[in-house]
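Shown next, in structure tokens, is the structure this report addresses.
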Amino acid sequence: MNKRLFVAVDPSDSVRKQLALLCCGLPDARWLAPDQMHLTLCFIGEVDGAIFLDIRETLAEIVAPPFDLRVRGVGFFPPRGQPRVVWAGIERCESLLSLQRKIVTLLIRMGIELENRKYTPHITLARLQHTPATKVGKYLGENGLFSGGTFTVDHFSLYTSVLGRKGASHCIEQTYLLGQKGPVQEKN
């Protein structure tokens, strides 16, 4: 059975509550539920069951220390043209970028083909459909200076993404603790 995978960091519950307060005020926006908010480190895409098991096992080799992140600012993708995604930004953090590079390098060594896109750390807040750019501009003007709390990143997770009529839902397949080698939670 194929699985659609990504690797991500979860913001703290308090940060998710802060972000939820930003989730209003745009027409035709599909806002993410707080429990679905995450910071993607690497989108893997669809793989078969055997590759999934290899990825799940191999990610346990990642060793990195815990670190703190701060959510700061609001923006949208793509940078040119009709906005499709509204996001909250992440203050620059070399430890985050190092962790992301380690994961990508490991997956490429496994032979996994990944998107060749510059990594821009963010937490998606909404997906847009036909939302006028002027409304997005007004929203950014009102919320662009948002500064959320700091949260500690002491683990990362391998997720399955299941596409549905109302968007994707995400399920943790495995969690890996930072500061030690190996998984902390296995999903049966």
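Things to note:
- Scan of region 35-56 for residues that are at pLDDT 95 or above, more than 30 Å from Val71 (Cα to Cα) and either of a type in the set (Gly, Ala, Ser) or in a helix (DSSP H, G or I) (or both), ordered by number: Ile51, Phe52, Leu53, Asp54
- Taken across region 86-100, residues that are within 26 Å of Cys23 (Cα to Cα), open to solvent by 50 Å² or more (accessible area, probe 1.4 Å) and either of a type in the set (Lys, Arg) or modelled with pLDDT of 95 or more (or both) do occur, with at least one present.
- Sole exception among (1) touching a helix residue (DSSP H, G or I) at 6+ places or on another chain (Cβ under 8 Å); (2) farther than 30 Å from Tyr139 by Cα for Val104, by number: (1)
- In the set Leu125, Leu145, only one residue is open to solvent by 30 Å² or more (accessible area, probe 1.4 Å) and not basic (Lys, Arg); that residue is Leu145.
- Condition met for Thr120 (outside any loop (DSSP other than H, G, I, E, B), open to solvent by less than 70 Å² (accessible area, probe 1.4 Å), within 30 Å of Lys3 (Cβ to Cβ) and of a type in the set (Ser, Thr, Tyr)): no
- For Leu114: the one exception among (1) in a loop (DSSP other than H, G, I, E, B); (2) in contact (Cβ under 8 Å) with a residue 60 or more places away in the chain; (3) of a type outside the set (Asp, Glu); (4) exposed (fewer than 12 other Cβ atoms within 10 Å of the Cβ): (4)
- Within region 151-167, the residues that satisfy the criterion of being surrounded by 13 or more Cβ atoms within 10 Å (Cβ to Cβ) and either closer than 15 Å to Gln82 by Cβ or among the polar types (S, T, N, Q) (or both) are Ser157, Thr160, Ser161.
The values are calculated or read from the model by the stated rules, or taken from the named source; none is laboratory data. On a predicted model such as this, the values are computed, not experimentally measured, just so you know. For neighbour counting, all protein chains shown are included, and Cβ atoms are generated from backbone atoms with ideal geometry for every residue, glycine included. When the accessible area is computed, the model is the full protein with side chains, heavy atoms only, and any ligands, DNA or RNA have been set aside. Shrake-Rupley method; radii C 1.70, N 1.55, O 1.52, S 1.80 Å.
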